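A short write-up of the structure that comes next.
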Amino acid sequence: MSQAISVTRSMFDEVMVPNYNPANFIPVKGEGSRVWDQEGREYVDFAGGIAVNCLGHCHPAMVNALTEQGQKLWHLSNVLTNEPAIRLAKKLTDATFADRVYFANSGAEANEAALKLARRWALEVHGEHKQQIIAFHKGFHGRTFFTVTVGGQAAYSDGFGPKPGGIEHVEFNDLASLKAVMSEATCAVMIEPMQGEGGVVPGEKDFLKGVRELCDEHNALLIFDEVQTGFGRTGTLYAYEQSGVTPDILASAKALGGGFPIGAMLTTNEIAAHLKPGTHGSTYGGNPLACAVSEAVMDVVNTPEVLDGVKRREQMFRDAVMAINEKYDVFTEVRGQGLLLGAALNEKYAGKARDFLLASAEHGLMVLIAGANVVRFTPSLIIPEADIAEGMQRFEKAIAQVVEQHA
Ligand SMILES: *Cc1c(COP(=O)(O)O)cnc(C)c1O
């Protein structure tokens, strides 16, 4: 047995690298959309581990899959394959445009694989001139050096020395700015169909359609980063299904594992053929434990019951936030799709999203922000109605407090 150490939040600041600044309480237990901290304080969870806990905390289907697989086989490496990985890949390809799957452990790794595959494909099919990768300002694709450079926030990519080259950024939802830089040298366009970290900004339908057309015109691959929008979050298994646009490569993670680390890159037979044996890999990717859990998540999420429920819950969130806003006048709009929603602060509260997050925690509610001006909600896709109602009561108290402080 490991030696008992009594843990406090202040210990974090002693033993952890200071790249995070977590809340001042430490959760120790979760069930559904409720979480309890060390002091036994209870929270309603509208954050869902940043769009990860799509079935809430400790869903029985996931606990069963984990314990069952945990007693059979945890890890093999990719020198061998395993049944859960093949089953999950089969289900993912049956449910999407894709024919092939590559498993990783995170969103960044799924995107990294997508970018490396796009470069390989371009080199082998078109030649060395075709290297340019285009992405969008305020986009977010992860924290490896390639993905963070493709992401459109210099604050995250600067300060680490020379960056990978051949990457350009243009304006999201502005087709002309993309068109202006595209050419036969464009290898791929990487885009979130709805920007998550960048402020919960949906890609307009015409824009996404135009991006697809420009890619076709210039023989470039279209990569959808659905790490945040995917796996039921927007009310379909993937958001591309509602966009009227099919990507060539899709990255999935976050809700894919429901809380167990896993990522996946999905693509077609033709493109996948360029990742020949030895070209890319991961020790843990496709690990039986992760794939068994993900399969269990998918069996629950990819059903009309859950996906239609997302749309119903979206409306409850929108109605509740707008009702609160009638009283306090802090938001300009609630935007987003499904259960990836952002309440944008009005001018009076510009830059103060974190105040709302902190006040919410004080009142027993976990929410997220997306930049300094947006309060973000990414709850469990099956959050009970009663928890939405209770969470919104707490949110109202938090808002009343912030409004009073700023009066
Ligand atoms: C969270 C996120 C990532 C990064 O995923 P990690 O698992 O943290 O590596 C990439 N793209 C988008 C759109 C995300 O929201």
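Does ASN64 qualify as being among the polar types (S, T, N, Q), more than 24 Å from VAL306 (Cα to Cα), surrounded by 12 or more Cβ atoms within 10 Å (Cβ to Cβ) and not assigned by TED's automatic domain parsing to the domain that holds ILE382?
Judged against the criteria, ASN64 is not a match.
If we only count helices (runs of 4 or more DSSP H) wholly inside the range 1-79, which ones have 1 or more residues that are more than 26 Å from PRO288 (Cβ to Cβ), among the polar types (S, T, N, Q) and modelled with pLDDT of 95 or more?
Ranges flagged: 9-15.
Of all residues in the range 143-160, which are over 16 Å from ASP225 (Cα atoms), more than 12 Å from the ligand (Cβ to nearest atom) and in a helix (DSSP H, G or I)?
Residues satisfying the conditions are PHE145, ALA154, ALA155, SER157.
With (1) away from the ligand (no atom under 16 Å from the Cβ); (2) open to solvent by less than 40 Å² (accessible area, probe 1.4 Å); (3) touching a His at 6+ places or on another chain (Cβ under 9 Å) as the list, and LEU123 as the residue in question, which single condition is left unmet?
The number of the failed condition is (2).
Give the range 161-196 a look and list any residue that's within 16 Å of the ligand (Cβ to nearest atom) and open to solvent by 50 Å² or more (accessible area, probe 1.4 Å), or say none.
HIS169
Quick check on my filter: what residues within the range 80-100 are in a helix (DSSP H, G or I), basic (Lys, Arg) and open to solvent by 100 Å² or more (accessible area, probe 1.4 Å)?
Passing the criteria: ARG87, LYS90.
If the Cβ limit is 6 Å and pairs must be 6+ apart or interchain, which residue in the range 132-144 that is surrounded by fewer than 24 Cβ atoms within 10 Å (Cβ to Cβ) pairs with which residue that is β-branched (Val, Ile, Thr)?
GLN132/THR186
Among the residues of the range 205-237, count how many are farther than 25 Å from ILE167 by Cβ and buried (at least 24 other Cβ atoms within 10 Å of the Cβ).
Looking only at that region, the number is 4.
Consider PHE103 against the criteria (1) within 16 Å of the ligand (Cβ to nearest atom); (2) in a loop (DSSP other than H, G, I, E, B); (3) within 30 Å of ALA290 (Cβ to Cβ): it satisfies all of them except one. Which criterion is unmet?
Failing condition for PHE103: (2).
The values are calculated or read from the model by the stated rules, or taken from the named source; none is laboratory data. What you are looking at is a predicted structure, and each value in this text was computed from that prediction instead of being measured. As a convention, Cβ positions derive from the backbone with ideal geometry for all residues, glycine included, and neighbour counts pool all protein chains shown. These area figures cover heavy atoms from the full protein model, side chains too; ligands, DNA and RNA do not enter into them. Shrake-Rupley method; radii C 1.70, N 1.55, O 1.52, S 1.80 Å.
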